[in-house]
Amino acid sequence: MELWTIGAFARASRLSPKALRLYDELGLLTPAHVDPVNGYRRYAPEQLERARLVVWLRRLGMPLGRIREVCALDASAAAEAVRVYWVQVEAETAARRDLAVFLVDHLNRKDCDMSAMTMQVEIRYAALSDTGLVRRANQDTAYAGPRLLAVADGFGGAGAPAGAAAVEALKPFDGEGVPAGALLNALDDMVEQVGCAVRGVGEAGGGNGSDADGAGTTLTALLLSGSQLALVHIGDSRAYVLRDGELRQITHDHTMVRAMVDEGRLSEEEAAAHPQRALLTRALTAGGAGGGGRTGAGVPETKLHDARAGDRYLVCSDGLSAVVPGEELGDVLRAGGAPEETARELVALAHRFGGPDNVSCVVADVVERAA
């Protein structure tokens, strides 16, 4: 059998001799033969395929230990392992992008008029959650308090407790309020605590084979601090603001179809009728990583919004936003009924469109705080 020297193999594989020696030590790419006297390494030509795979995986940024695991798999299993790795990379990159956007926004606000930043407002609110007309159980959780508005939409066998755990973890922040200077730390705590709470549902479920496997929840929450609303969001529940008569979505759906629209691969009309429009790309997962194939795990995004007197906010599950056209949502919100009345009207509207899913909504009006 013809064997190549380490130099010849390095040129053919585009790996340096130093890298080949390292990969040998790690058990990643073992030479076909090592001379027992002088220690010279020699490689078989058929090892080129594995060497090139290592090169490509390194270009992806995959850690060496994970490359060793991938190389030990057959082709189809290796392909799946690469897919899973890249989903995780994209989720981490998206989380870093969200953090960068948040920090730019936060730092720019330091140059704003401080009188506007310290203006005190309060919210009048109502929350309502309904099973809908088709589902047997309600896996949604909706909450509204003096400072916190939240909706979680659970999925999977333990979806209801996952959503409830996420919202329950946020309730302490509805207490005495978060000073503006402590908002960054509070958001970090919120993200950490909801993640731990939802994972705790999986741990309590007993691992593989339990209802927690493949379960998880979306979460969209707004926390009032001074005249700012801090957003914590993951999944396809939504938050809207009605300002000066115009309804605007302030969250970005973490769904496969939304990503395809953003990439120009689908139109908005095609997305609305796509059979996989509910497939999440990011969510809080309670069971095994990846949510049993329905979703990719991820970290919630965080943003800041200025709350103005006269604003009306809607936080809702996709049982409302995916069923009722945006124009009709806006009509109900613009009608100006009290938050409790408006929430009831929104649920009734979802029912008129068939109520195929659980329906949850929080309606909140921003008003100037009384002196």
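The values are calculated or read from the model by the stated rules, or taken from the named source; none is laboratory data. Small disclaimer: the values here were computed from a predicted structure and weren't measured. Quick reminder, even Gly has a Cβ in these numbers, built from the backbone with ideal geometry, and neighbours come from all protein chains shown.
So the values come out like this:
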| read-out | value |
| --- | --- |
| Residue satisfying all of: in region 297-351; basic (Lys, Arg) and out of contact with any His (no Cβ under 9 Å at 6 or more places or on another chain); farthest from Ala273 (Cα to Cα) among these | Arg308 |
| Total residues in region 172-197, condition under 25 Å from Asn358 (Cα atoms) and either of a type in the set (Gly, Ala, Ser) or modelled with pLDDT of 95 or more (or both) | 2 |
| Criterion violated by Tyr85 - all others in (1) over 30 Å from Val299 (Cα atoms); (2) without any contact (Cβ under 8 Å) to a residue 40 or more places away in the chain; (3) of a type outside the set (D, E, K, R) satisfied | (1) |
| Hey, Ala77 modelled with pLDDT of 75 or more, part of a helix (DSSP H, G or I) and farther than 30 Å from Ala152 by Cα or not | yes |
| Every residue from region 132-161 that is of a type in the set (A, V, I, L, M), crowded, with 20+ Cβ neighbours inside 10 Å and within 24 Å of Tyr240 (Cβ to Cβ) | Ala142, Ala144, Leu148, Leu149, Ala150, Val151, Ala152 |
| Scan of region 324-371 for residues that are assigned to a strand (DSSP E or B) and more than 29 Å from the chain's Cα centre (by Cα), ordered by number | Val367, Glu368 |
| Among (1) basic (Lys, Arg); (2) at pLDDT 95 or above; (3) within 30 Å of Ala100 (Cβ to Cβ), the one test that Arg308 misses | (2) |
| Region 9-47, subset among the hydrophobic types (A, V, I, L, M, F, W, C) and more than 47 Å from the chain's Cα centre (by Cα), residue nearest to Arg68 (Cα to Cα) | Val34 |
| Tally of residues being more than 24 Å from the chain's Cα centre (by Cα) and either over 24 Å from Ser227 (Cβ atoms) or not assigned by TED's automatic domain parsing to the domain that holds Leu231 (or both) across region 160-189 | 0 |
| Test set (1) closer than 16 Å to Arg243 by Cβ; (2) touching a Ser or Thr at 6+ places or on another chain (Cβ under 8 Å) - Ala364 fails condition number | (2) |
